[in-house]
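> The structure under discussion is supplied below as structure tokens; questions concerning it will follow.
The values are calculated or read from the model by the stated rules, or taken from the named source; none is laboratory data. Note that this is a predicted model, so its numbers are computed, not measured. For neighbour counting, all protein chains shown are included, and Cβ atoms are generated from backbone atoms with ideal geometry for every residue, glycine included.
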Amino acid sequence: MIEHKQSNGKTNNVQQQPFSYAEYPDKKRMALFSLGSFAFVAIGIWMILSGGWIEGIIGVISILFFGAAFVFFLARLLGRKPSLFINEEGIIDDSSYVSAGTIAWDEIEDIGITEYSGQRWISIKLRDPQAFLQKQPRFKRWLMNLNNTLVDAPIHISQEMLSVPLGRFYEMMVDKWKRSGGIWKS
């Protein structure tokens, strides 16, 4: 409970609300990604119908990969579910196929911005990545291990899934993490 003095001298008791923030995917970006994925599905179909067996194989791969991407981006475009949620307990990441789910603040060792091949994202390094990864389905665990090998952090949040600038979301995450008792290394 917080006491708030009004200008007339009276005191009101105000209930302090717990912090929470929900981040929804940028609808314009999701529409563009959906259209782009659909275009590659169409190219894959064209390759199957008009090419030889090598083009056919590439076409099938294109249809499978970009078809899955199309479904994912279209679901994000039409859905009302947040990609990321920050609250007093931690982060709920549902921003990609390899999203981490719920991550408690005390599971996090470090948070940073990583750049690799011209792409920037928020990287989350865990205190015990193997224990966290063991809870994931096999294919997702393999992809997260690959992320961990490439940039020493199994969890990444891409700018493409945010409607706010990456730096602003990063600062909000770090601030909340520090307030929760997180150890700041950088």
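> Would you point out the residue of the stretch 23-35, among those that are in contact with a helix residue (DSSP H, G or I) (Cβ under 8 Å, 6 or more places away or on another chain) and in a helix (DSSP H, G or I), that is surrounded by the fewest Cβ atoms within 10 Å (Cβ to Cβ)?
This residue is 27.
> Additional query: Only one of (1) surrounded by 15 or more Cβ atoms within 10 Å (Cβ to Cβ); (2) outside the structural domain of residue 143 (by TED's automatic domain parsing) fails for residue 49. Which number is that?
If we test residue 49 against (1) surrounded by 15 or more Cβ atoms within 10 Å (Cβ to Cβ); (2) outside the structural domain of residue 143 (by TED's automatic domain parsing), just (1) comes out false.
> Kindly provide the set of residues from the stretch 101-118 that are polar (S, T, N, Q), under 18 Å from residue 146 (Cα atoms) and either under 14 Å from the mean Cα position of the chain (by Cα) or surrounded by 14 or more Cβ atoms within 10 Å (Cβ to Cβ) (or both), ordered by number.
Passing the criteria: only 114.
> Kindly indicate whether any position in the stretch 88-100 is farther than 24 Å from residue 134 by Cα, in contact with a Phe, Trp or Tyr (Cβ under 8 Å, 6 or more places away or on another chain) and either exposed (fewer than 15 other Cβ atoms within 10 Å of the Cβ) or among the small types (Gly, Ala, Ser) (or both).
Yes, the stretch 88-100 has at least one match.
> Quickly run through the stretch 77-100 and pick out the residues that are at pLDDT below 85 and either in a strand (DSSP E or B) or among the β-branched types (Val, Ile, Thr) (or both).
98, the sole residue that qualifies.
> Identify, please: which residue in the stretch 107-145 is basic (Lys, Arg) and out of contact with any strand residue (DSSP E or B) (no Cβ under 7 Å at 6 or more places or on another chain) and is, among those, modelled with the highest pLDDT?
Per the criteria, the residue is 138.
> Restricting the stretch 162-178 to residues that are part of a loop (DSSP other than H, G, I, E, B) and in contact (Cβ under 8 Å) with a residue 60 or more places away in the chain, which is surrounded by the most Cβ atoms within 10 Å (Cβ to Cβ)?
Per the stated criteria, the residue is 162.
> With respect to residue 62, is the statement that it is loosely packed, with under 14 Cβ neighbours inside 10 Å, more than 14 Å from residue 160 (Cβ to Cβ), hydroxyl-bearing (Ser, Thr, Tyr) and outside the structural domain of residue 168 (by TED's automatic domain parsing) true? Working first, answer last.
Values: loosely packed, with under 14 Cβ neighbours inside 10 Å: no; more than 14 Å from residue 160 (Cβ to Cβ): yes; hydroxyl-bearing (Ser, Thr, Tyr): yes; outside the structural domain of residue 168 (by TED's automatic domain parsing): yes.
It is false that residue 62 is loosely packed, with under 14 Cβ neighbours inside 10 Å, more than 14 Å from residue 160 (Cβ to Cβ), hydroxyl-bearing (Ser, Thr, Tyr) and outside the structural domain of residue 168 (by TED's automatic domain parsing).
> In this structure, is residue 158 in contact (Cβ under 8 Å) with a residue 60 or more places away in the chain and surrounded by fewer than 18 Cβ atoms within 10 Å (Cβ to Cβ)?
Judged against the criteria, residue 158 is a match.
> If you go through the stretch 146-161 one residue at a time, how many are part of a helix (DSSP H, G or I), in contact with a strand residue (DSSP E or B) (Cβ under 7 Å, 6 or more places away or on another chain) and not hydrophobic (A, V, I, L, M, F, W, C)?
Adding up the residues that qualify gives 2.
> Farther than 21 Å from residue 26 by Cβ and in contact with a Lys or Arg (Cβ under 6 Å, 6 or more places away or on another chain): which single residue out of 106, 152, 128, 110 fits that description?
From the options 106, 152, 128, 110, the qualifying one is 110.
> Taking the stretch 36-54 as the region of interest, how many residues are more than 29 Å from residue 160 (Cβ to Cβ), part of a helix (DSSP H, G or I) and not aromatic (Phe, Trp, Tyr)?
Qualifying residue count for the region: 3.
> Residue pairs, Cβ under 7 Å, 6 or more apart or interchain, first in the stretch 58-72 and over 11 Å from residue 46 (Cα atoms), second modelled with pLDDT under 95 and not in a helix (DSSP H, G or I). List them.
Cβ pairs passing all conditions: 72/97.
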